[in-house]
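Asker: Below is the structure I would like to discuss, written out as structure tokens.
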Amino acid sequence: MILVTGATGILGRVVVLELLKRGKAVRAAKRDGSDLKDVKHSYQFYTDNPDKFFQKIEWVDVDFEDIESLQNALKGVSEVYHCAAKVGFNPKDSKEIYRTNVKGTENLLYACEDSEVKKFLQVSSIAVLDLLNEDGELDESSDFNPKDDHSEYALSKHLSEMEVWRASAEGLPVIIINPGMIIGSGNWGKSSGEIFPTFEKTAFTFSGGTSYVDVRDVARISVDLMEKEVFGERFILISETKKYRDLAKQVRSELNLSEPKILPEWILQAITWLNVFFGWLIPPLRMASKSNIEAVLAETRISNKKIKETLNYEFIPVSESIDFHLKNYINDKNVKDRT
């Protein structure tokens, strides 16, 4: 039996499906009250037999603050894919981000100690990578720099990685993956599912860029790595680095909207100062933290050489990924508008 945490999220649901396609028995962890209809609906985008695969899932409610709940979920489980996480860049979410990403991972690993778990895969993020290599790129050797200003999300993912490496040192076979911004279908408006609604609603974008990867690639690679048993390693999973402007332009063009305009850096810097003085009074300004502003202005080169060589893998180009998932978003939006 394999346990996938965060199984209703944009990645977890596709990891579950990928495992089912390979004939694995899957137990899918979710929160009480999670929307399973959205998960089932999104499977139609990834397979011709969504109902058949969905019916094979063993769903279990898990409370990551309750060790007994985690131990029950791990009964008979030999592999864990830890996809559960709180993604966010608003300082008001800092406590929930820490509780979910750090304490949740710590508790899960503690529960694994007296279980049958033999393999553990942790989904981290490129947000934890700081130091450039000699080629001016981020790669798997790029350590987290505690002197840099980080978002609460990046810090939480770094701390959760530390918990996983500790478990590795104590004998648990682990793999850590560091995906870029994941492009997927379903879960619209939440986590990585915010990409299309955000570009649709906002006519402004930023001068920087980031690295993207298709959810189907992340799911396939995750399962491939566990089957290959490449333990004690981390792998960056990105297809390409793209400017926010280029993605916004592609998305808004498909939606028959005007081209996005780039917000000048001086405006962003001005908003940062407003945050300093008025963030306590105007909550939305709190998003304009120094780390968030630096992130949307930067465009760092990131290497995916290691994973491509390890698995001889070719990623889905970002433009193709956007086309595929944007069509799904438009179809869902049209259905919603008609009802």
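The values are calculated or read from the model by the stated rules, or taken from the named source; none is laboratory data. Remember, it's a predicted structure, so these values are computed and weren't measured experimentally. Here the Cβ is made from the backbone with ideal geometry for all residues, glycine too, and neighbour counts use every protein chain on show. All accessible areas refer to the heavy atoms of the entire protein, side chains included, with ligands and DNA or RNA removed. Shrake-Rupley method; radii C 1.70, N 1.55, O 1.52, S 1.80 Å.
Asker: Applying the selection to the stretch 110-157, what residues are outside any helix (DSSP H, G or I), small (Gly, Ala, Ser) and either modelled with pLDDT of 90 or more or under 19 Å from Ile307 (Cα atoms) (or both)? Even if it seems obvious, please write down each step before you answer.
Answerer: So the first thing to find is which residues in the stretch 110-157 are outside any helix (DSSP H, G or I), and the list is 113-125, 129-151.
Restricting the remaining residues to those that are small (Gly, Ala, Ser) gives 115, 124-125, 136, 141-142, 151.
Once the filter is applied, which keeps residues that are outside any helix (DSSP H, G or I), small (Gly, Ala, Ser) and either modelled with pLDDT of 90 or more or under 19 Å from Ile307 (Cα atoms) (or both), the stretch 110-157 yields Ser115, Ser124, Ser125, Gly136, Ser141, Ser142.
Asker: Are there any pairs with C-beta distances below 7 angstrom linking a residue in the stretch 304-319 that is under 24 Å from Leu247 (Cα atoms) to a residue that is of a type in the set (Lys, Arg), with the two at least 6 apart or on different chains, and if so which?
Answerer: Taking only residues 6 or more apart or on different chains, the pairs are Ile316/Arg216; Val318/Lys242.
Asker: Then there is this: Select, from Ser168, Ser253, Ser185, Ser192, the only residue that is part of a helix (DSSP H, G or I) and within 17 Å of the chain's Cα centre (by Cα).
Answerer: Ser192
Asker: Turning to a different aspect of this structure: Could you run through the stretch 195-213 and say how many residues are hydroxyl-bearing (Ser, Thr, Tyr), open to solvent by 10 Å² or more (accessible area, probe 1.4 Å) and within 18 Å of the chain's Cα centre (by Cα)?
Answerer: The total comes to 2.
Asker: Have a look at Tyr110, Tyr46, Tyr98, Tyr81 and point out the one that is open to solvent by less than 20 Å² (accessible area, probe 1.4 Å) and out of contact with any His (no Cβ under 8 Å at 6 or more places or on another chain).
Answerer: That would be Tyr81, the only listed residue that is open to solvent by less than 20 Å² (accessible area, probe 1.4 Å) and out of contact with any His (no Cβ under 8 Å at 6 or more places or on another chain).
Asker: What tally of residues in the stretch 1-39 results from selecting those that are under 16 Å from Ser78 (Cα atoms), touching a Leu at 6+ places or on another chain (Cβ under 9 Å) and without any contact (Cβ under 8 Å) to a residue 60 or more places away in the chain?
Answerer: Result for the stretch 1-39: 5.
Asker: Right, Arg22: within 16 Å of Asn187 (Cβ to Cβ) and not β-branched (Val, Ile, Thr) or not?
Answerer: No, not satisfied.
Asker: If you don't mind, there's one more thing I want to ask. Among the candidates Arg234, Arg216, which residue alone is modelled with pLDDT of 95 or more, under 21 Å from the mean Cα position of the chain (by Cα) and part of a helix (DSSP H, G or I)?
Answerer: Of Arg234, Arg216, the one residue that is modelled with pLDDT of 95 or more, under 21 Å from the mean Cα position of the chain (by Cα) and part of a helix (DSSP H, G or I) is Arg216.
Asker: Taking into account only those residues within the stretch 113-141 that are out of contact with any Lys or Arg (no Cβ under 8 Å at 6 or more places or on another chain) and either among the aromatic types (Phe, Trp, Tyr) or open to solvent by less than 20 Å² (accessible area, probe 1.4 Å) (or both), which is nearest to Ile10 (Cα to Cα)?
Answerer: Within the stretch 113-141, the match that is nearest to Ile10 (Cα to Cα) is Val123.
Asker: Right, next: Yes or no: Glu152 more than 18 Å from the chain's Cα centre (by Cα), charged (D, E, K, R) and farther than 26 Å from Pro260 by Cα?
Answerer: Here the answer is no, as Glu152 does not meet what is asked.
Asker: What number of residues within the stretch 1-13 satisfy the criterion of being open to solvent by 10 Å² or more (accessible area, probe 1.4 Å) and within 15 Å of Gln55 (Cα to Cα)?
Answerer: Of the residues in that region, 1 qualify.
Asker: Can you tell me which residue in the stretch 49-74 is most open to solvent (accessible area, probe 1.4 Å), limited to those that are assigned to a helix (DSSP H, G or I) and closer than 19 Å to Tyr110 by Cα? Reasoning before the result, please.
Answerer: Our first condition is that a residue be assigned to a helix (DSSP H, G or I); within the stretch 49-74, this holds for 50-54, 67-73.
If we keep only those that are closer than 19 Å to Tyr110 by Cα too, we end up with 67-73.
On the way: Ile67: 46, Glu68: 120, Ser69: 22, Leu70: 4, Gln71: 79, Asn72: 74, Ala73: 2 Å².
Among them, the one singled out is Glu68.
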